[in-house]
Every structure is written in C-alpha cells, then in structure tokens.
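What follows is a set of notes on a single structure, which appears directly below.
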C-alpha cells in the first residue's frame with residue numbers, strides 16, 4: 001500500500017486493550033509505531049464515536065493510504081457535532097469548572113485558535129485516553145489547583161508539530177497518554193518537541209502507557225486500572241512532575 005502510494009483506507013478496529021476478555025491475542029498495542037513509520041501513511045486516532053465519523057470522512061478525501069484506529073468497546077462521548085475538527089490539527093481542551101454534564105465543563109478549540117493561559121502542565125493524549133486526560137485535568141484542578149492544557153492529537157501522522165512545541169515551551173511539563181505500548185505515541189511527541197523547542201526552554205516529561213507487556217484478559221475498565229491508564233494514574237504522575245518543576 002505505502003510503497004505504491006495506493007489509495008487504500010484501513011479500519012484498525014480493536015485498538016488497545018478495549019477488547020477485554022479476548023486477551024492478548026486480540027489486543028493491538030503496537031500498531032501506532034508500526035503504521036506511523038511507514039512512508040506515505042496517514043494515521044488518525046479519534047477520541048470517541050463522533051470524532052471517529054469526522055476522522056473517517058476526512059481521510060476519505062485524502063489521496064493515498066490512511067488508517068483510522070478505534071477500539072471495540074463503547075467509550076465516553078467527550079466531543080459533539082459542534083466540536084471543531086480539522087485533520088492534522090490538534091484540539092486544545094481546557095477544564096473550566098464543574099457542570100452537570102461532564103463535557104460542558106470543558107472548552108475545546110483548534111490549536112491554531114488557542115492562546116496560552118500560562119497552564120502548569122500539558123497532557124498530550126490520543127484516542128480513548130483523551131477522556132482520561134480530561135478526568136485527570138478535573139482532578140488536578142479541583143484537588144490541587146493545578147491548571148492543565150490537554151492536547152487531543154486525533155491526527156498522529158501528520159502530527160501538529162507547532163502545538164506540541166508550544167506545549168513544551170509554554171508549560172514546561174508534558175505527560176503523554178496512549179492506550180498502547182508506552183512510547184509508541186509518546187516518543188513521536190518527544191521527538192517533535194526535542195527537535196523544535198528552544199534550546200534554553202526547560203522541560204520535564206513522562207509517558208503513560210502499557211509498560212512493555214502484552215495484553216491480558218479482563219473487563220476493559222479493569223485492564224485500564226491494571227495497566228495504569230486511568231485518570232487517577234495520569235493525575236498522580238502529573239502532580240509529581242509539577243512538584244519537581246517547582247522544587248517541592
């Protein structure tokens with residue numbers, strides 16, 4: 001497909017650990033890396049069903065190979081039809097305060113429309129981990145008064161390099177979050193920031209993902225806890241990095 005630049009679109013279902021009880025043989029935890037390093041390939045990893053529809057429509061109009069990665073299990077809706085979406089541009093998500101409906105507690109903008117608010121740290125996530133990043137932002141703000149900039153990187157290739165570099169320079173603390181072998185997505189982000197940021201800009205960085213293990217059988221929510229992928233794990237690691245940044 002990629003060598004000949006064929007106009008083929010791939011539906012990468014059962015991504016991550018969402019297959020649950022089917023276990024390691026049915027759980028895809030390595031394909032972000034495998035797909036992104038193929039020349040001519042494009043890759044989108046939507047955060048929910050609504051964004052999946054938008055992403056699928058977007059790649060349908062792109063000439064050449066592309067893949068959309070999504071899980072089997074139902075995931076929380078954290079976007080709406082009105083949520084801005086543009087292929088290859090990250091969305092910036094900010095927690096604005098408690099609301100009756102979870103999604104209404106957040107403001108979402110295209111990265112090109114966002115101006116820094118001097119946040120304490122950034123969580124850069126893809127796929128179902130965007131919802132966990134949003135919950136983590138809620139925890140960090142309400143319990144520790146830590147302001148979080150969330151980047152929903154629904155397009156992993158081509159990636160929004162400018163948004164990555166700005167997050168690194170403007171917040172100085174980065175947590176990446178992926179439902180995948182740790183570093184598949186995280187190392188792509190790290191490479192972009194390392195190449196693009198100013199030399200004198202300090203940066204602390206952590207990666208949340210599956211730590212060099214094959215999948216296991218279990219309910220998806222149980223596996224999220226087992227592999228340390230929940231909002232609580234993200235918030236805990238983010239708070240520790242924030243404390244290091246401030247010499248605490």
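For the reader, a short list of remarks on this structure follows.
- Spatial offset of the range 191-206 relative to the range 22-43 amounts to 26 Å, using the alpha carbon center of each.
- Prolate/oblate/rounded label for the range 1-90 (Cα gyration tensor, a/c 1.5): oblate
- Estimated purely from DSSP H runs of n ≥ 4, each contributing -39500 (n - 2.57), the mean residue ellipticity at 222 nm for the chain is -9500 deg cm²/dmol once divided by its residues.
- Remark: 212, 160 ranked as 212, 160, counting other beta-carbon atoms within 10 Å and listing the fewest first.
- Relative contact order (%) - the range 109-248, alpha-carbon pairs under 8 angstrom, separation at least six: 28
- Choice from 206, 104, 115 showing the highest fluctuation, given a GNM over the chain with Cα pairs closer than 10 Å: 115
- Stretching residue 10 away from residue 110 to a fully extended chain increases their span by 33.4 nm, per 0.36 nm per residue minus the current alpha-carbon distance.
- With respect to the chain, whose longest principal axis is taken over its alpha-carbon atoms, helix 49-60 is tilted by about 50°.
- Normalised contact order of the range 9-245, rounded percent, pairs of Cα under 8 Å and 6 or more residues apart: 24
- Cα centroids of the range 76-123 and the range 148-184: 14 Å apart.
- Per-pair calculated FRET efficiency, R0 = 25 Å: residue 21 and residue 102 via Cβ, rounded to 0.05: 0.40
- Counting other Cβ atoms within 10 Å as a rough exposure proxy, the listed residues 12, 48 run 12, 48 from fewest neighbours to most.
- Highest-fluctuation residue, 100, 54, 109 considered, GNM on the chain with Cα pairs under 10 Å: 100
- Gyration tensor (alpha-carbon) shape descriptor, the range 142-188, a/c threshold 1.5: oblate
- Residue with peak Gaussian network fluctuation, the chain [Cα springs, cutoff 10 Å], from 181, 21, 200: 200
- Hull-based mean projected area of the range 33-158, where the convex hull spans the alpha carbons, in square nanometres: 8.3
- Neighbour counts of C-beta atoms inside 10 Å place 126, 2, 47 in the sequence 2, 47, 126, starting with the fewest.
Since every read-out is calculated from the coordinates, none of them should be taken as a lab result. Keep in mind the model is a prediction, meaning the values are calculated, not measured. All Cβ positions, even for glycine, are placed from backbone atoms using ideal geometry, and neighbour counts span all protein chains on display.
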